[in-house]
Amino acid sequence: MLTETQLRTATGDDLRTLRSRIFEELRRRDQEGVPGEETSSPPGGRSGREVIDQKGGNGRWLKLERVKCGKTRCKKCADGVGHGPYYYLYLTNPKTGRYTSKYVGKPANVTEEMRQEFGIEVAEPEVEG
Ligand SMILES: [Zn+2]
């Protein structure tokens, strides 16, 4: 992490670069569903995502989503295809009542426990780059 001295001695340009990097990283995390990160948005309310399948309820959901990375030069996103689909596990933190999500990834990463809990049949993994 940056120290206070580093921040004070940084030029305005440095700080602006840093700020844009921080925003980029936050956006990336939001899209990937960084484990443990909590959000006040209910599942499915996030932008840049297309929910293909959804299972669950009572505070736990398993969703299959296509994700837009937001990069201007990304061909997949420009074509409207996006990335994935990837599985995400959404759950409610009982203490805070806030939503959190875990990136699960490709169908092959869905554990047997998740399949049983959500009663899903996982399709063959799609080939993708
Ligand atoms: Zn993209």
Tell me, please, whether a residue that is in a loop (DSSP other than H, G, I, E, B), of a type in the set (A, V, I, L, M, F, W, C) and either at pLDDT below 90 or surrounded by 13 or more Cβ atoms within 10 Å (Cβ to Cβ) (or both) can be found in region 83-106.
no
Could you grab me the full set of residues in region 46-75 that are among the hydrophobic types (A, V, I, L, M, F, W, C) and under 16 Å from residue 100 (Cα atoms)?
61, 62, 64
Need pairs with beta-carbon distance below 6 Å; first residue more than 9 Å from the ligand (Cβ to nearest atom) and within region 66-83, second assigned to a loop (DSSP other than H, G, I, E, B); sequence gap 6+ or separate chains.
66/82
Of residues in region 107-128 being at pLDDT 90 or above and outside any loop (DSSP other than H, G, I, E, B), the one nearest to the ligand (Cβ to nearest atom)
109
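The values are calculated or read from the model by the stated rules, or taken from the named source; none is laboratory data. For clarity, every value in this text was computed on a predicted model and none was experimentally measured. Neighbour counts run over all protein chains shown; Cβ positions are idealised from the backbone, glycine included.
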